[in-house]
Amino acid sequence: VQLQASGGGLVQAGGSLRLSCAASGSIFSFAAMGWYRQAPGNQRDVVARITSGGVIYYADSVKGRFTISRDNAKNTVYLQMNNLKQEDTAVYYCNGARLGSTDYWGQGTLVTVSS
């Protein structure tokens, strides 16, 4: 299964973007899917995750601003990002996790938030 992330770009602070992660196979094969981000000089951190059962986790820094969702028919996971802040600037990576297996990663999409 391959993961293809898209939707990044340049946006002003306070603006919105929607990221998409399209899987080449069924996303039901993943116990959880999520979005991580990595800013220059920082480690890659989780932003939001959604399990196959629909349980959702958000990092504290994005609660109330970001929404993760999944479209099982399209094998796609989305990250709606509202009220973006400069500190949200990072490369965003799509992740698929299977129990007892190596994680799958998309290629990353750059989000740049300007002042």
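The values are calculated or read from the model by the stated rules, or taken from the named source; none is laboratory data. The shown structure was predicted, so the numbers you read here are calculated from the model rather than taken from an experiment. Because the Cβ atoms are built from the backbone with ideal geometry, glycine has one as well, and the counts that use them run over all protein chains shown. Surface areas here come from the heavy atoms of the whole protein model, side chains and all, with no ligands, DNA or RNA. Shrake-Rupley method; radii C 1.70, N 1.55, O 1.52, S 1.80 Å.
Which of the residues that make up segment 18-32 are in contact with a Lys or Arg (Cβ under 7 Å, 6 or more places away or on another chain) and either crowded, with 19+ Cβ neighbours inside 10 Å or among the hydrophobic types (A, V, I, L, M, F, W, C) (or both)?
Residues satisfying the conditions are Ile27, Phe30, Ala31, Ala32.
Here is a list: Ser114, Ser52. Which entry is open to solvent by 10 Å² or more (accessible area, probe 1.4 Å), touching a helix residue (DSSP H, G or I) at 6+ places or on another chain (Cβ under 8 Å), touching a residue at least 60 places away in the same chain (Cβ under 8 Å) and of a type outside the set (A, V, I, L, M, F, W, C)? Let's see the steps before the verdict.
Numbers: Ser52 fails: touching a residue at least 60 places away in the same chain (Cβ under 8 Å).
Just a single option satisfies the conditions, and that option is Ser114.
Here is a list of conditions, (1) of a type outside the set (Val, Ile, Thr); (2) modelled with pLDDT of 95 or more; (3) within 13 Å of Tyr36 (Cβ to Cβ), and Arg65 meets all of them except one; can you say which number that is?
Against the list (1) of a type outside the set (Val, Ile, Thr); (2) modelled with pLDDT of 95 or more; (3) within 13 Å of Tyr36 (Cβ to Cβ), Arg65 comes up short only on (3).
Return the residues of segment 72-115 that are outside any loop (DSSP other than H, G, I, E, B) and over 13 Å from Gly34 (Cα atoms); say none if nothing qualifies. Outline the logic, then answer.
Quick first cut of segment 72-115, residues outside any loop (DSSP other than H, G, I, E, B) only: 76-81, 86-88, 90-97, 104-105, 109-114.
If the condition is that a residue be outside any loop (DSSP other than H, G, I, E, B) and over 13 Å from Gly34 (Cα atoms), then Met81, Gln86, Glu87, Asp88, Ala90, Val91, Thr109, Leu110, Val111, Thr112, Val113, Ser114 are the ones that fit.
Can you pull out every residue in segment 40-78 that is among the small types (Gly, Ala, Ser) and in contact with a Gly (Cβ under 9 Å, 6 or more places away or on another chain)?
Filtering segment 40-78 for residues among the small types (Gly, Ala, Ser) gives 41, 48, 52-54, 59, 61, 64, 69, 73.
Within segment 40-78, just Ala48 meets the criteria.
Name the residues in segment 1-17 that are open to solvent by 80 Å² or more (accessible area, probe 1.4 Å) and under 14 Å from Gly108 (Cβ atoms), would you? Don't jump to the end; show me each part of the working.
Residues of segment 1-17 open to solvent by 80 Å² or more (accessible area, probe 1.4 Å): 2, 4, 10, 12.
Selection gives Gln2, Gln4.
Restricting the search to segment 21-70, which residues are assigned to a strand (DSSP E or B) and acidic (Asp, Glu)?
Step one: of segment 21-70, the residues assigned to a strand (DSSP E or B) are 21-23, 32-38, 45-51, 56-58, 66-70.
Correct list: Asp45 only.
Are any residues in segment 1-44 among the charged types (D, E, K, R), out of contact with any helix residue (DSSP H, G or I) (no Cβ under 9 Å at 6 or more places or on another chain) and within 19 Å of Ala97 (Cα to Cα), and if so, which ones?
We begin by selecting, within segment 1-44, every residue among the charged types (D, E, K, R); these are 18, 37, 44.
The next check asks that each one be out of contact with any helix residue (DSSP H, G or I) (no Cβ under 9 Å at 6 or more places or on another chain); those that pass are 18, 44.
Of everything in segment 1-44, just one residue is among the charged types (D, E, K, R), out of contact with any helix residue (DSSP H, G or I) (no Cβ under 9 Å at 6 or more places or on another chain) and within 19 Å of Ala97 (Cα to Cα), namely Arg44.
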